[in-house]
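What follows draws every value from the coordinates through simple rules; no lab data is involved. Owing to the predicted nature of the structure, the values given are computational and were not obtained by experimental measurement. Here the Cβ positions follow ideal geometry from the backbone for every residue, glycine too, while neighbour counts run over all protein chains shown.
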Amino acid sequence: MFSYLANPARFDRFARIAIPVTGFLALVLILPGAWFALFASPPDYQQGETIRIMYVHVPAAWLGLALYLAMGVASFVYFVWRHPVADVAAASIAPIGAVFAALCLASGALWGKPTWGAWWVWDARLTSMLIQLLLFLGYMALRGALEDEKQAAKSAAVLAMAGLVNLPIVKFSVDWWASLHQGASVMRLDGPTIDPSQLLPLLLMATGFTALAGWLVLYRMRSVIIDRRARALQAQREARA
Amino acid sequence: MSEYLAMGGHAAFIWPAWGLTALGVAGLIAFVLAERRAARKRLAREETEAGR
């Protein structure tokens, strides 16, 4: 699939179909998801109504990690095979992943205050997720700081790949260290331990947000490709002058 | 209705969490749409320049 989409013309054909599809999926999943999450699901027997924060917190957390994984893989594909579309993908993902990672931390703080009595604790899960956000921001800063585009793309790819190490740390932090954060209740080997009435809105929101992130990334990628074409024309013009 | 909005006394945490998320998502959508407009404009300008 990677080599198929590495051709910019083929990527464009793919994106023209995938953009409306992901956009449509995001709408038809998030709207009922939000309705179930806010109105048609019961409060938790321990957390009460604050469980409704989980329906935005978990999708944001999932995307913070999944988008980083996608950015790391795209960076690897670019670094090894120098496919320009892979670099466009990595560059397009960074700010979107940063926003979702930040939303995860913000909604988590808003849940932590009433539940744990603290907005923030230097806990393994919270700290490793903060590092994930800083990796996105560092990637963007590095790309922006280097004048030479090829050099920026290569250096940023190295940073993105190195940052992949943090993903299992975030995921397993709750198992490896005594953490205040609860363990996994959906992505478990023995199946979800969450009640179906709460699993349904969570899955709708998580899949809907995933479709939304796909839409955002693909939409951005086409814009970045258009912008690069414009810049190439500009470079030609300046070379002639 | 007001009882619903009170969210069992946790309205001050639940609604900001949803509000921030909505704001973040709306901001991202606005950003990618503006970025596309800017890129199209730039390409159109360069194409006219190139055709001259």
Subject >> Separation between Cα centres of the range A:187-241 and the range A:126-172, rounded to whole Å >> reply: 17 Å
Subject >> Max mean-square fluctuation residue, GNM over chain A, Cα-Cα springs under 10 Å, options A:G72, A:G117, A:G138 >> reply: A:G117
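Which shape class applies to the range A:20-89: rounded if a/c is under 1.5, otherwise prolate when a/b exceeds b/c and oblate if not, where a ≥ b ≥ c are the square roots of the Cα gyration tensor eigenvalues? Spell out each step's value before the answer.
Values: a/c = 6.80, a/b = 2.21, b/c = 3.08.
Judged from the Cα gyration tensor, the range A:20-89 comes out oblate (a/c at least 1.5, b/c at or above a/b).
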Original post:
Scanning chain A for helices, which whole DSSP H stretches are 18 Å or more long along the axis (Cα) and average 0.0 or more by Kyte-Doolittle?
Top reply: A:8-38, A:51-81, A:84-116, A:124-145, A:149-163, A:196-240
Subject >> Global geometry of the range A:160-208, whether rounded, prolate or oblate, following the gyration tensor of its Cα atoms and the 1.5 cut on a/c >> reply: oblate
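If a/c stays under 1.5 just call it rounded; otherwise compare a/b with b/c (prolate if a/b is bigger, oblate if not). Do that for the range A:1-144, with a ≥ b ≥ c from the square roots of the Cα gyration tensor eigenvalues.
Oblate, because a/c is 1.5 or more while a/b does not exceed b/c.
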Original post:
How many angstrom separate the Cα center of the range B:1-32 from the Cα center of the range A:21-77?
Top reply: 14 Å
Original post:
With a sphere of radius 15 Å drawn around the Cβ of A:F36, what net charge do the other residues whose Cβ falls strictly inside it have (Lys, Arg +1; Asp, Glu -1)?
Top reply: -2
Subject >> Radius 11 Å from Cβ of A:G183, net charge of other residues (Lys, Arg +1; Asp, Glu -1) >> reply: +2
Original post:
Helix B:11-51 sits at what angle to the longest principal axis of chain B, using alpha carbons and giving 0 to 90 degrees rounded to 10?
Top reply: 0 degrees
**OP:** Only Cα pairs under 8 Å and at least 6 apart count here; give the relative contact order of the range A:128-175 as a rounded whole percent.
**Re:** 48 percent
**OP:** Within a 10 angstrom radius of each residue's Cβ in A:98-106, how many Cβ atoms of other chains show up on average? Whole number is fine.
**Re:** 3
**OP:** Assign unit charges at the C-beta atoms only (+1 for Lys and Arg, -1 for Asp and Glu), then state the dipole size of chain B relative to its Cα centre in Debye, rounded to the nearest 20.
**Re:** 380 debye
